[in-house]
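K.L.:
My questions will all concern the structure given below.
Every read-out reported here was derived from the displayed coordinates using simple, explicitly stated rules and does not represent laboratory data. Note that the coordinates shown come from a computational prediction; the quantities given were computed from them, not determined experimentally. When we count neighbours, we look across all protein chains shown, and the Cβ atoms used for this are built from the backbone with ideal geometry, even at glycine.
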Amino acid sequence: MKKISLLLFLFLFGAAPLAAGTANYSMGFSAGIMPSYGGNLYSTTQAIVFDSNTGVDGINKSLSGFNTKEVQRLFGISCGVDFKAVFFDYFLLRVGGNYSMSVYGGEGKGMFDDAGTETVLKCGYSMTSYDVPLTLGLVIPFWKDVKISFSCGLAYAYGQYKNDFEWAAGERKGSFSGWALPLVLMLEGEYFIGEKFALKTTLAYYKGATETIKDGTSSDTTGLAGAGAVDFAKIDFTGYRFSLGISYYFYSI
């Protein structure tokens, strides 16, 4: 991973000027939010043991006489850094790094049929991830103070996802970690507050998930007669990301 990052850095700040006579380089920082972080958090435990074929949405069941609470999808926050090169005012190369984590949602109570008896199921979810997107695109200048850019590419994304299910007869936990190369689409607007600094807002869309991963937790065997203790899931990086930040244009040729 360090070698890949070094090669990208050298390409961005070394090889790029050879291909273009005019280039502007910037470094930026940003922070933002991620609605529906991790998608619908589906796993085979939910489908086989708890009769939920649509992840979190399927667990949101309620019956009169039971105390249930909606299991909300995860809400995440992220922060990141990016390096950009703009050639001839219109062509963009961007590489970044982001860290994300869930901060809200993922907790609640649903229902499932436990050997013919309707049983309250307590659920908990959490997720963290980091990604390194590399995109190419176009920049559209408006007057001298505003620039809007659109770029697309791929990201190396690594995530860790955990779930925890508790009911009267037992408890079951899952822990998953893995990587993927999701598609990245990015729309960014910059408003310059000087020659070198710009305020920016970014809307990004990621599309992609890991292969099916085996549960890394093997100690939860209580209350699982005939069901086994191993879970399987994909870590889903699909979703929108909204962020605000600042760019510093530190070098031009």
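K.L.:
Straight-line reach only, C-alpha to C-alpha below 15 angstrom: list the aspartates and glutamates that residue 61 could link to, leaving out same-chain residues fewer than 8 apart.
P.N.:
51, 70, 107, 113, 114, 118
K.L.:
Filter the chymotrypsin sites (Phe, Trp or Tyr not before Pro) in the stretch 49-121 down to the DSSP loop ones having no more than 11 other Cβ atoms within 10 Å, then list what survives. Don't jump to the answer; show the numbers that get you there.
P.N.:
On the way: sites: 50, 66, 75, 83, 87, 88, 90, 91, 99, 104, 112; in loops: 50, 66, 88, 90.
Here the chymotrypsin sites (Phe, Trp or Tyr not before Pro) that fit, given the DSSP loop and packing criteria, are 88.
K.L.:
Hey, another quick one. With labels modelled as points extended 7 Å from the Cα through the Cβ direction, what inter-label distance (nm, one decimal) is found for residue 232 paired with residue 212?
P.N.:
Between residue 232 and residue 212, the simple spin-label model gives 0.2 nm.
K.L.:
Projected onto the charge dipole of the chain (+1 at Lys/Arg Cβ, -1 at Asp/Glu Cβ, origin at the Cα centre), which of 39, 198, 154 gives the Cα projection farthest towards the positive end?
P.N.:
198
K.L.:
Still on this structure: On a full-extension model of 0.36 nm per residue, what is the gain between residue 148 and residue 181, subtracting their alpha-carbon distance, rounded to one decimal in nm? Don't jump to the answer; show the numbers that get you there.
P.N.:
On the way: separation 33, 0.36 × 33 = 11.88 nm, distance 2.56 nm.
That works out to 9.3 nm of additional length.
K.L.:
What does the charge dipole of the chain about its Cα centre add up to, to the nearest 20 debye, if the Cβ of each Lys and Arg holds +1 and the Cβ of each Asp and Glu holds -1? Working shown, then result.
P.N.:
Values: 20 positive and 22 negative charges, 160 e Å.
That gives the chain a dipole magnitude of about 760 debye.
K.L.:
Between residue 51 and residue 197, what length comes free when the chain is fully extended (0.36 nm per residue of separation minus the Cα-Cα distance, one decimal in nm)? Could you put the intermediate results ahead of the total?
P.N.:
Details: separation 146, 0.36 × 146 = 52.56 nm, distance 5.34 nm.
Between residue 51 and residue 197, full extension yields an extra 47.2 nm.
K.L.:
Please report, in whole Å³, the volume per residue of the convex hull around the C-alpha atoms of the chain.
P.N.:
Taking the convex hull of the Cα positions in the chain, it is 122 Å³ per residue.
K.L.:
Separate question: Test of understanding: ordering 37, 191, 125 by Cβ neighbours within 10 Å, fewest first, what list do you get?
P.N.:
Exposure proxy ranking, most exposed first: 191, 125, 37.
K.L.:
Can you give me the convex hull volume of the Cα atoms of the stretch 104-228, divided per residue and expressed in Å³?
P.N.:
Convex hull of Cα atoms, per residue: 144 Å³.
K.L.:
Still on this structure: Give 109/173; 69/207; 162/214; 109/234 a once-over and call out the pairs whose C-alpha atoms are over 18 Å from each other. The partial results should precede the final answer.
P.N.:
On the way: 109/173 15 Å; 69/207 30 Å; 162/214 12 Å; 109/234 23 Å.
Too far apart for the 18 Å limit: 69/207; 109/234.
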